[in-house]
Structure formats: structure tokens, C-alpha cells
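Presented below is the structure to which this report refers.
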Amino acid sequence: MTHRPPPGITAPHIPADAYHRAQATGQPVVIVVNDTHPAGIPWRRCLIPFAIAGAAVAGGWGLVTALCYLLDAATHAATVIAGAAGPIGIGGITLKLARNKRT
């Protein structure tokens with residue numbers, strides 16, 4: 001009887017002589033896998049949603065801060081432009097956009 005190598009990568013940890021002996025005699029090959037599950041709560045499952053929620057909250061506050069800064073810059077620019085332009089008249093109606101500083 002010819003010997004065949006172990007099949008693929010299904011069990012690379014079986015010694016070749018034990019595999020060939022089991023194949024020649026017809027005995028089954030028993031594979032023991034030591035797999036222990038840790039006791040308690042898997043913390044990664046609990047912490048990932050909180051990390052995602054915290055990142056979303058921090059991003060939201062960052063957007064609010066950026067919007068407030070941009071609105072502040074826009075109002076400051078509008079005030080400077082209005083103060084430099086003076087009164088604006090359209091069709092006989094004159095609007096004074098900014099007050100004089102000598103009140």
C-alpha cells in the first residue's frame with residue numbers, strides 16, 4: 001500500500017508517522033484542540049459601541065464649534081464691510097448698515 005501525505009492544511013500538526021500508521025491500520029485520527037474560553041464579560045464587545053458613540057459625540061461637538069467659529073467670522077466680516085460702505089440706498093430708501101462711532 002502506498003502512503004499519501006496528510007491532506008492539505010486541515011491538520012498540519014499531526015506527525016507524519018502517526019498519520020501513516022493510522023492510515024495503514026485503519027485507526028481513526030483523533031485531534032485534540034485545547035480551546036478555553038475566558039470567564040466573565042468579553043470587554044471588547046462592550047467597549048466598542050461606547051467608543052463609537054464617544055467618537056460620534058466628539059465629532060458632533062467639533063462640528064458645532066467649527067460652525068460657531070465660522071458664523072462669528074462671517075458676522076465680523078459683515079460688520080467691517082457695512083462700516084466701511086456707509087449708507088446704502090435703493091429706489092429712494094436709504095439704509096444705514098452700521099452706527100457711527102461718534103454717538
Karplus couplings for the stretch 63-75 from phi (6.51 cos²θ - 1.76 cosθ + 1.60, θ = phi - 60°), rounded to Hz, Gly and Pro as x?
5, 4, 5, 5, 5, 4, 5, 5, 5, 5, 5, 5, 5
Whole-Hz ³J(HN,Hα) from phi, Karplus 6.51 cos²θ - 1.76 cosθ + 1.60, for the stretch 47-61, glycine and proline x:
7, 4, x, 5, 5, 5, 5, x, 5, 5, 5, 4, x, x, 5
Report H20's accessible area, 1.4 Å probe, all protein chains in place, as a number in Å² to the nearest 10.
50
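The values are calculated or read from the model by the stated rules, or taken from the named source; none is laboratory data. Note that the coordinates shown come from a computational prediction; the quantities given were computed from them, not determined experimentally. Just so you know, the surface numbers come from the protein's heavy atoms only, side chains and all, with ligands and any DNA or RNA stripped out. Shrake-Rupley method; radii C 1.70, N 1.55, O 1.52, S 1.80 Å.
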